[in-house]
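Enquirer: What follows is a single structure, and I will ask about it in a moment.
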Amino acid sequence: MSEQSPWFFIVHWLRLYFGANLLFSGIRYAATGFVPEIPGVGGEWVQANANIYLYQFIKYLEIVTGAMLCLNRYPLLALILQFPASINIFWLNTFIVGTPRQLFSGPQELFMNGSLLLAYSGWMAAALKPKLEPLWLWRGDLAYRPGIESRLVGAANNSSVNTTAGGMKRTNGTWIAIAACAGLTAVAYIGSTGLFYADFREIRNRDLVGYAVAWIGMLYMMARRRGPARGPCP
């Protein structure tokens, strides 16, 4: 977005306005414990959140995200962190409480957060790609290089197989992956059944489906990528 575009200043105005709102709301709660009066079941819902300290967490999060937006530091991260709370505020105010003031403030909250996410969405365009390969956060700069996905696949091929005179063989990296997934399977089994730590129950069908899909899918990808290796990822 060019600095010559009026949208540049509109977006930054909205960023500062939304950030200041969050920062004020969070600091007011931290300093005074102020909770707005919400009629009916909406107020009961807010109180239930306060009883489990979720409301307090959201208010202190507002201080952090509000400061990030006002200072223009990690603004996209701030908007993503704040978005679940904005959805809750929109739903509660618009469809549950529904008083005139809430009918404004609910959509306003979602509009501000959603519009800013749209304005910064170019930085997360990869989220709209139909297929992505794993890429660690600390290697995120690679995401902006042309043709990076095919290079990542090539690097995965090189790390999982070696070409020998007799054909293909699995390397240590492949067996490490299989062992790690077996460990995850064991942990999920123990957690689901309560083995060793709670009353034992039979494994759930949804866990069995998850195991089957995960193992079949991983073994299929390993088999499919046993073809000729491509160039390594830079």
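The values are calculated or read from the model by the stated rules, or taken from the named source; none is laboratory data. What you are looking at is a predicted structure, and each value in this text was computed from that prediction instead of being measured. Here the Cβ is made from the backbone with ideal geometry for all residues, glycine too, and neighbour counts use every protein chain on show. Please note that ligands, DNA and RNA were not included when accessible areas were found on the heavy atoms of the full protein model with its side chains. Shrake-Rupley method; radii C 1.70, N 1.55, O 1.52, S 1.80 Å.
Enquirer: From the residues in region 29-40 that are open to solvent by less than 90 Å² (accessible area, probe 1.4 Å) and assigned to a helix (DSSP H, G or I), which one is modelled with the lowest pLDDT?
Expert: Checked region 29-40; the qualifying residue modelled with the lowest pLDDT is Gly40.
Enquirer: Pairs under 7 Å by beta carbon, first residue on the phi < 0 side of the Ramachandran plot and assigned to a helix (DSSP H, G or I) in region 53-82, partner open to solvent by less than 80 Å² (accessible area, probe 1.4 Å) and among the basic types (Lys, Arg), six or more apart or different chains?
Expert: Within 7 Å, the pairs are Leu69/Arg15; Pro75/Arg15.
Per-residue answers, yes or no, for (1) among the acidic types (Asp, Glu); (2) part of a helix (DSSP H, G or I); (3) modelled with pLDDT of 60 or more:
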position	(1), (2), (3)
Gln108	no, yes, yes
Asn113	no, yes, yes
Ala126	no, yes, yes
Glu133	yes, no, yes
Ser150	no, yes, yes
Val153	no, yes, yes
Ala156	no, yes, no
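Enquirer: Could you check region 42-67 and list, in sequence order, the residues that are open to solvent by less than 30 Å² (accessible area, probe 1.4 Å), within 16 Å of Pro84 (Cβ to Cβ) and aliphatic (A, V, I, L, M)?
Expert: Once the filter is applied, which keeps residues that are open to solvent by less than 30 Å² (accessible area, probe 1.4 Å), within 16 Å of Pro84 (Cβ to Cβ) and aliphatic (A, V, I, L, M), region 42-67 yields only Val46.
Enquirer: Taking the stated definitions as given, is Ala20 in contact with a helix residue (DSSP H, G or I) (Cβ under 7 Å, 6 or more places away or on another chain) and either modelled with pLDDT under 90 or part of a helix (DSSP H, G or I) (or both)?
Expert: The answer is yes for Ala20.
Enquirer: Something else now. Leu103: part of a helix (DSSP H, G or I) and within 19 Å of the chain's Cα centre (by Cα), yes or no?
Expert: Considered against the rule, which asks whether it is part of a helix (DSSP H, G or I) and within 19 Å of the chain's Cα centre (by Cα), Leu103 comes out as no.
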